[in-house]
Structure formats: structure tokens, C-alpha cells
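Asker: Here it is, the structure in full.
Each value in this text was obtained by applying a stated rule to the coordinates, not by laboratory testing. All values derive from a computational prediction rather than experimental measurement. As a convention, Cβ positions derive from the backbone with ideal geometry for all residues, glycine included, and neighbour counts pool all protein chains shown.
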Amino acid sequence: MSIVVPAELREPRGGRFSRAMATAERALATELDAEQGRWFLWIPVFFGAGVGAYFALPAEPDLSLSGGLLLLALSLRILARTQLFAFLLTTIILCASAGFFAAKVRTAVVAAPVLERHGAYSIEGVVEQFDRQTEKRARAIIRLSSLKYDDAEMRARPFRVRVSLRGDVDLRPGEAIRFRAILGPPPEPVMPGGYDFARASYYQAVGGSGYSLTKPERIEGRALPWDMVPRTWLADLRGRIGERIKAALPGQTGEIAAALTVGQTAGLDEKSMDDLRASGLAHIISISGMHMSLVAGGMFWFVRWVLALFPSIALRYSTRGLAAMAALFVVTVYLALSGAAVGAVRAYLMIAVVFLAILLNRPALSLRNVALAGLVILVVLPDSLIDISFQMSFAATAALIAGYERFGRYLHFEARSIRERLAWQPVYLLGGVLVTTATAGLAVEPFSAYHFHTLTTYAALGNLVGGPPVDFIAMPAMIVALIAMPFGLEDAPLAVMGVGVDAMMAVAHWVGGLPGSTVPVAAFPFAALLLIVSGGLWLVIWRRSWRVLGLGLIGVGVAMTSIHARPDILVDRDAKLVALRDREGRLQAPKTRRASYALQQWLRADGDTRKPKEAATGAGWQCDRTSCVSMVKGRLVSLIARPDAIEEDCRRAAILVMPMDLARPCPAPKLVLDRGALWERGATAISLGDGALAVTTASEGRGDRPWSPTRRKREKIRAEVEGDETAED
């Protein structure tokens, strides 16, 4: 579409606008007009901005509101087709409104009840997913057919629940079972602004989580829901493939090989994961873009090479098109075998767009295809925007393609002789790998710093040395093993795959053990990440010289990462753990075996490399069997363990935390956090000032959304339960 730059912007005039303003507008219009070919790349960006605006709301909007905004934006866009700035502004509004509407529709489609109370439940349902973590521990996702609380059927039960199973349990997807379990709502953030598992669970239709009390009992003769028949068959096939891989490759080698093949990661131990994270190789065990690209790309070039051996085919048909169709079929099978996780589905859609471009004789690798793939994913799964793997995979892909567009010619080598090829080709190949690894690493580091509070110093080295064993040994051997498995001939290719996996883990252990392999990063504002991402998009999308303004935005964002919120007191959502900041600025907690996960996340957000047990030594605390007390900035903080301490600590403490309900008035403390208050507010952060307390709670950031409904007081829940029991009597 051609937009005519208005005459008043070509020649600045006085009167209506000042000359300076007119000159600036003229320059902006000229730049935008010259970049018309890149306008499309901003569509998924502003669509994603609308999705982000939806998730940032403190309360759930009506569907009619989001639909009305979309229609209003569409009408404005139709009316503003001739003026450049009006056209661009209304297009931005339309894209954002469409993203907002798509997110609302997605939320309505997956809507399912979420448990509001913890307790012992009787469960009946069908196993959808089963992952063994250790010999005595497993995890399962159950689609419910019955859920009883105190022998009364729940009128509004979740669609699925996630349960940890203890003991020697072996289940198959599709089996109907019954057992008793302690269930509650999906986990909330362990601190204000922390990761919200409940939101991720909501979009998986998981409305509760907990652990089993009894061993599951199989129910015979129960018919499967129609939509579970193919899924159950695939899940059972994946389980059998994983078992055969682990039988051929014992130990962590088999667990990693199963993760690469069928996406089973439950058996990976903490030591392996620590090595992979520290070396920058953790992305390898999560099936996503790299795995899909290796399978699809390897099959594409293999089929094209085979077809080139037959002149009758190569001269008559397009071998690129035939190879693209074959590769797309193979990668579709791999997607199904991998479990079709959200990250894998996103990568598959992007690869499908690439192969579609090949079939249509269009450039396969371009930012336009990346933008199109991102737009398709956001339209179908808008909640992908807040998924970490989506952010990191698209950041890396966009940076790589943009870098190749700009500097690819410097990495292309034309040899004039065999001697020159032998001398310089390895240098260019090594340089290309280094540049690719560094570019992808720089693109994902801001997300790693924000979400995981760490920077991987030697990620480029880890991927440079540890990537090839996976790319050229493990993944090709995996494909051969899958082809040979129906014939019982998988042992040899799996042994080769094990060699590649062991080589990668040796590199991961070496790189992860280097001094300073990981750098802790304290939590910083979301605005800093937003500025860095905005600057990166500006730098990647535009082609003209004004793209360098993106570096300025990135610089401001990086400067803002020095802003850290460091509360003086942190309280977990169950009142089982309190951490106080000592004079050296480090968090200290009483001795406890509970809530180690919460303390670990607090330490990471604080940029503290200590383990939870090292921070829970009781330093600065005085504890007896009834309570623990400590002084923070002249205020006494009390964590009550038994009701015996309530009366005394009510008279002397300034801040009182207790894992039970407070039944009587407690006038002395300025803040009381009992079980009921924390039930409603969630994890709490407290900053102490001169005579004032600044309290921030997890519920404030979550708002009143479908995945985080306003928590009702326990008294109301008890009354509801008693009312149900009276009605039954």
C-alpha cells in the first residue's frame, strides 16, 4: 500500500506548526515511508502488546468490552486510510485491540473451575500424563470424573489436577483410577511479583495440585472420552519409547536421551540440571526450536540429496518442494512423539511457515516469516506471550536472522582453489558458529536475567563445544533409533546417541565448573526488561540509520536493572517461613526444613548464591519451642510456632506472623499476619521506614482474575462447608 506524504510535511510552514516541529514530522514521515517494507514486522509486536495489556489488568474484563474495543478500532482504521500518521496510529490500535480480544477469547475457551480450599479429596479420573521422577516418586495429571470433599461431590470441580504420587506406582495414560489426595489451588507466587504457576496451570485446565494419600486403585471397564483415545495412544507410545531408551542407556545418559526424544524430563537429577544451566546448555533438554530445526533440516537435506541421485526425478520435479513435504511430515511425527509441549508447538508452527515458503518459492528464512509465525502463535495461543520459552526462542531467532541480513555477506566465503578452501573454510565455519552463538546468547540474556536471576558467562563456550555432539551425533542417532525401534534394532543407534549425550554432559560439567560460570542478578523492574526488548525490536526491525536509536533504549533499560526492590522482611503464603534482612543486607531465616523452595526463590531474587540451608541457620533469631523472634531496624518480629506464645508476643512484637487464626484482639503489633490474612493476601514483603510499614502482597500483583480469584476468608468457606453438610442431612 502506498501512503502519500502530506505536502505540509514536505515543506515546513509557519502558522499551524512551528518550523522545528514540521521539520521533525517531515523527517519522521520520510523515514517511515522509506521503511514501508518493514511495517508488517510490527504487526505481531503490537498484537502482543494488546495481549500483554490484557494480562496486566487488575480485574477480568468483559468479553463485550474487548469485542467493542476491537470494532471501534476497526472503524477508526477504515476512516484513516489516507493520512500517514492517522493510518499508522489506527493500525497500531487495531493490532493491540485484536490481541486484547484474542487473549480474552482464549481465557473464556479454557475456563474451568479452580479449587479454593485445601483439604483431603476423593479422586476418580483418567490418567492423562504420568512421569516417573524417582523409584519412589512420580507425577501424574488426572482428568477428573469425580471429586469428593467430605464424601460430598463437588458441584464445580476442576477439569484436571496435578498430583505427586508416592511409593512404587506404575500407571499408564488412559487408565481409570481412584485414590485420596491432599489438594489445593495451584501454587501462587512465593513472593510479590514472582512467577505465577496458577496462571500457567489455568491455561492447561489444571485447577488443583497436591499429593496422594493412598495408592491409586485401577478401575476396570471405564470407557475413555473420545478426545483422549488418540492422545492416550500417543502418550502410551511415548512412555514405551522412553522405557526402551532408558533400558538401553542406564543412568542420567538414558534420562537425557529420553528427554531429547520424547520430552520426559522428570528423571533428571539436580546435579545434571545445575551443570546444564551453568554451561548454557539447559535449553537442549527441552524440546523446542533447536530440536525441531535439527530434525526438519536434517531430513530436508537428506531427502534432497537422495532425490538428486535420480536424474529422472531431479530434472522433472522440484526436489526442494518434495524434500520440504517429507521434512514437514517427519517433524510432525516428532512433534507428536515429543508430547507436543507448548514450546515444541511454537517451533513447529515456525518451521511449517518456513517450509510453506519453500513450497511457494519464497525466501525461507526472513524476518517476515518469523513475524508471521509469531502472529499465528499469538492468535491461536495468546498466553504464549508470557511463557519464558516463547520470549527466548523468538528473541534468539529474530536476532540471528536480522544479524544475517546485515552481516551475512561477511561470513560467506568463495574459495578460488582447493588449497584456499582447505585453509580458510574452517576459519569461516568456526567464525560463523561463534557469531551465531554470541548473537543468540546476547538476545536471550535479558530474559534469563529477569526470569532466572542469573547470567551464564560461558554460554557461548558451552554451546560451541557442547552443541556439536548433540547436533551431529545424538540427534541423527535418535532418528535412526526411532526408525529401527519397531524392528528391535535400536540398541546400536542408541549407543551412538549415548556417546553424544555423554560428550555433551562432559562439556557441561567442565564449563559449569569454571570460575564465575554464572553471575547472580538481583530482581529488577519489569520496565527495564520492556525497554531492552523495545530497543532490541527497534534495532532488529528497521533497516535505515535510525535503527541505532534502539541502542539508546537498550542502554536506558540496562541502567534501570540497577534498581532493586529489597524488602526487609519476607513472609511465605503459609506463614511457615519468615526471612529478615540482617545488617549486611543478607536474608536470614530460622532453622527449618519447610518451605525451602520459597527461600530458594527469595535468595535468587536477591542475587544471593547461598543454598536455602545456608540461609536458614537461625542467625539473628532467638527461638524456643513456641516461637522465634528477631530485631529488624529496631522492631521486634515474632514467628509463632505454637498458640502458647500468642499472648506474650502480642504484648511485645511489632510484627506478628502465625500459621494459625488469631482468635482474640492483639493490640500491640502494627501488623498481624495470621493464617486468614495470608490466605487472602498471599506471600508478603515488608519494607520498614521511619515509623511506617510498606506492605506489598502477592495478591495485589495478581489481581482478581480467573486464575487468581479474590480469596474468601476461611470463616466464609467454613460456613459454606457446614451449610452443605446441613443440606445433605
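Asker: Please work out how much length the chain gains when fully extended from PHE302 to GLU153, using 0.36 nm per residue of separation minus the C-alpha to C-alpha distance, in nm with one decimal. Kindly include the intermediate steps, with their values, before the conclusion.
Answerer: Values: separation 149, 0.36 × 149 = 53.64 nm, distance 5.69 nm.
Fully extending the segment from PHE302 to GLU153 adds 48.0 nm.
Asker: What's the longest bit of the chain with no exposed chymotrypsin sites (Phe, Trp or Tyr not before Pro), using DSSP loop states and at most 12 other Cβ atoms within 10 Å as the test? Write down the numbers at each step before the final one.
Answerer: On the way: sites that count: TRP226, TYR317.
By the stated rule (loop sites, at most 12 other Cβ atoms within 10 Å), 318-729.
Asker: Can I ask one more? Read phi for every residue in the range 256-261 and hand back ³J(HN,Hα) as whole Hz from Karplus 6.51 cos²θ - 1.76 cosθ + 1.60, θ = phi - 60°, with x for Gly and Pro.
Answerer: My calculation for the range 256-261 gives 5, 4, 5, 5, 5, 8 Hz in order.
Asker: Moving on. Test of understanding: what is the full-extension gain from PHE329 to SER75, defined as 0.36 nm times their sequence separation minus their Cα-Cα distance?
Answerer: So the extension gain works out to 87.3 nm.
Asker: Return one quarter of the surface area of the convex hull spanned by the alpha-carbon atoms of the range 35-109, equal to its mean projected area, in nm².
Answerer: Seen from a random direction, the Cα hull of the range 35-109 projects 5.2 nm² on average.
Asker: Identify, among VAL507, PHE390, ILE418, the residue whose Cα sits farthest towards the positive end of the charge dipole of the chain, taking +1 on the Cβ of Lys and Arg and -1 on the Cβ of Asp and Glu, with the dipole about the Cα centre.
Answerer: ILE418
Asker: Also: If you split all Cα-Cα distances of the range 569-691 into 10 Å bins from zero, what percentages do you get per bin, shortest first?
Answerer: Calculated over all Cα pairs of the range 569-691, the distribution is 13, 49, 33, 5, 0 percent.
Asker: What lysines does LYS148 reach when the alpha-carbon gap must be under 24 Å and sequence neighbours fewer than 8 apart in one chain are set aside?
Answerer: Reachable lysines: LYS215, LYS713, LYS716.
Asker: When the chain is fully extended, how far beyond the present Cα-Cα distance does PHE526 get from ALA223, taking 0.36 nm per residue of separation? Walk me through the numbers before you get to the answer.
Answerer: On the way: separation 303, 0.36 × 303 = 109.08 nm, distance 4.80 nm.
Length gained, PHE526 through ALA223: 104.3 nm.
Asker: Which angle between 0 and 90 degrees, to the nearest 10, do you get for helix 289-308 versus the longest principal axis of the chain when only C-alpha atoms count?
Answerer: 30
Asker: Related question: Report, in cubic angstrom per residue, the convex hull volume of the C-alpha atoms of the range 119-225. Let's see the in-between values first.
Answerer: Numbers: hull volume 12.1 nm³, N = 107.
Measuring per residue, one finds 113 Å³ for the Cα hull of the range 119-225.
Asker: Calculate, in whole percent, how much of the Cα-Cα pair population of the range 424-559 lies beyond 20 Å.
Answerer: Values: 5775 of 9180 pairs.
The calculated P(r) of the range 424-559 puts 63 percent of pairs beyond 20 Å.
Asker: Continuing with the same structure: Given R₀ = 56 Å, what would the calculated FRET efficiency be for ALA663 paired with LEU309, taking r from the Cβ atoms and rounding to 0.05? Kindly include the intermediate steps, with their values, before the conclusion.
Answerer: Values: r = 84 Å, r/R0 = 1.50.
Efficiency, rounded to the nearest 0.05: 0.10.
Asker: Let me ask another. If you put +1 on each Lys and Arg Cβ and -1 on each Asp and Glu Cβ, how big is the dipole of the range 569-691 around its Cα centre, in Debye rounded to 20?
Answerer: Numbers: 22 positive and 16 negative charges, 57 e Å.
In debye, rounded to 20, the range 569-691 gives about 280.
Asker: To the nearest 10 degrees, how steeply does helix 319-338 sit against the main Cα axis of the chain, on a 0 to 90 scale?
Answerer: Value to nearest ten degrees: 10.
Asker: Oh, and also: Using a cut-off of 10 Å between beta-carbons, work out the net charge of the residues near ARG244 (Lys and Arg +1, Asp and Glu -1, ARG244 not included). Please list the in-between numbers first.
Answerer: Details: positive: ARG240, LYS246; negative: GLU243, GLU490, ASP491.
Local net charge: -1.
Asker: Something else now. Show me 625-635, 565-575 ranked by packing, highest mean number of other Cβ atoms within 10 Å first. Please list the in-between numbers first.
Answerer: On the way: 625-635: 16.4, 565-575: 21.4.
With the highest mean Cβ count within 10 Å placed first, the list reads 565-575, 625-635.
Asker: With each run of n ≥ 4 DSSP H residues scored as -39500 (n - 2.57), what mean residue ellipticity at 222 nm is computed for the chain after dividing by its residue count and rounding to the nearest 500 deg cm²/dmol? Don't jump to the answer; show the numbers that get you there.
Answerer: Working: 27 runs with 379 residues, N = 729.
That calculation yields -17000 deg cm²/dmol at 222 nm.
Asker: With angles folded into 0 to 90 degrees, how steeply does helix 549-560 sit against the dominant principal axis of the chain? Use alpha carbons for both and round to 10.
Answerer: Here the helix axis deviates by roughly 20 degrees.
Asker: While we're here: Using modelled backbone amide H atoms (1.01 Å from N, in-plane), which distant-in-sequence or interchain residues come within less than 5 Å of GLN129's amide H?
Answerer: So GLN129 has HN proximity to ILE141.
Asker: With a 4.7 Å Cβ cut-off, tell me which Cys residues in the chain come up empty for a partner.
Answerer: Here CYS95 come out as lacking a disulfide-compatible partner, given the Cβ-Cβ threshold of under 4.7 Å.
Asker: Give me the distance between the Cα centres of the range 354-401 and the range 551-628, rounded to whole Å.
Answerer: The range 354-401 and the range 551-628 have Cα centres separated by 38 Å.
Asker: Straight distance only, please: which lysines reach the Cα of LYS271 with their own Cα at less than 27 Å, same-chain residues fewer than 8 apart left out?
Answerer: Cα-Cα hits under 27 Å: LYS136, LYS246, LYS591, LYS611, LYS613.
Asker: Which whole number of Å³ per residue matches the convex hull of the alpha-carbon atoms in the range 526-620?
Answerer: Working: hull volume 10.4 nm³, N = 95.
That works out to 110 Å³ per residue.
Asker: What FRET efficiency comes out for the pair LEU489/SER64, r = Cβ-Cβ distance, R0 = 56 Å, nearest 0.05? Numbers along the way, then the final one.
Answerer: Numbers: r = 60 Å, r/R0 = 1.07.
It comes out at approximately 0.40.
Asker: Farthest toward the dipole's positive end in the range 569-691, which of LEU678, ILE646, GLN622, given Cβ charges of +1 (Lys, Arg) and -1 (Asp, Glu) about the Cα centre?
Answerer: Looking along the dipole axis, the top candidate is GLN622.
Asker: Dipole magnitude of the chain about its Cα centre, charges +1 at Lys/Arg Cβ and -1 at Asp/Glu Cβ only, in debye to the nearest 20?
Answerer: 1380
Asker: Just to verify a number: FRET efficiency for THR82 and LEU549, C-beta to C-beta distance, R0 = 22 Å, to 0.05?
Answerer: Approximately 0.20, to the nearest 0.05.
Asker: Which of TYR195, LEU328, GLY263 sits closest to the plus end of the dipole of the range 192-345, meaning its Cα is farthest towards the positive end, when Lys and Arg get +1 and Asp and Glu get -1 on the C-beta?
Answerer: Of the listed residues, the answer is LEU328.
Asker: Any idea how far apart THR214 and ASP236 come out in nm if each label point goes 7 Å out from Cα toward Cβ?
Answerer: Using points 7 Å along Cα→Cβ, the separation is 2.6 nm.
Asker: P(r) tail for the range 350-397, what percent of Cα pairs lie past 18 Å? Mind dumping the intermediate values first?
Answerer: On the way: 333 of 1128 pairs.
Result: 30 percent of Cα pairs exceed 18 Å.
Asker: Using 10 Å bins from zero, what percent of all Cα-Cα pairs in the chain falls into each bin?
Answerer: Cα pair-distance distribution for the chain, in percent: 2, 11, 20, 24, 21, 13, 6, 2, 0, 0.
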